[in-house]
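Below you'll find the structure, written out as structure tokens, and then a few comments.
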Amino acid sequence: MKQKIKQFQRYVENNSIFYVVVTLLSMVFPCMMIAFFYKYNDLPLLNFFWTAFYSILGNVVLFHKKTICRIILILINIIPLLFWYYIFLMGGLRGLLLGLYCSIVPFFMFIFAFFNQ
């Protein structure tokens, strides 16, 4: 099992398309947070929680040797995500589960709103 994980990590490290996608995905959520708080208050941030969650996972897999780059990219995604989870705590367990669902399932709120009309 460990050998297969190491093979996957080597494959991902050598795949330049995955490298570019994870790096760009790491910048989407922090940029949306800045835009949300400064000018565009009607951005659907709940639809893009998954970008932060999966970019954190991608950075852990991709940059396992480059610690400075990994730490910076993970922190710029995990700090806003934890901030929103803290806000979701006002909704109790249901609010926290909603935040987790939005993080794991891409476009969960869009799908939820579409089927509850």
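Only the coordinates and a few stated rules stand behind these numbers; no lab work does. These figures come from a predicted structure and were not determined experimentally. Positions of Cβ are generated from backbone atoms using ideal geometry, with glycine treated the same way; all protein chains shown enter the neighbour counts.
Assorted remarks:
- To the nearest ten degrees, helix 92-104 and the longest principal axis of the Cα atoms of the chain are 40 degrees apart.
- Note on the chain: lysine pairs with Cα distance below 26 Å, sequence gap of 8 or more or different chains, count 6.
- Total charge dipole magnitude, the chain, about the Cα centre, Cβ charges on Lys, Arg, Asp, Glu only, Debye to nearest 20: 540 debye
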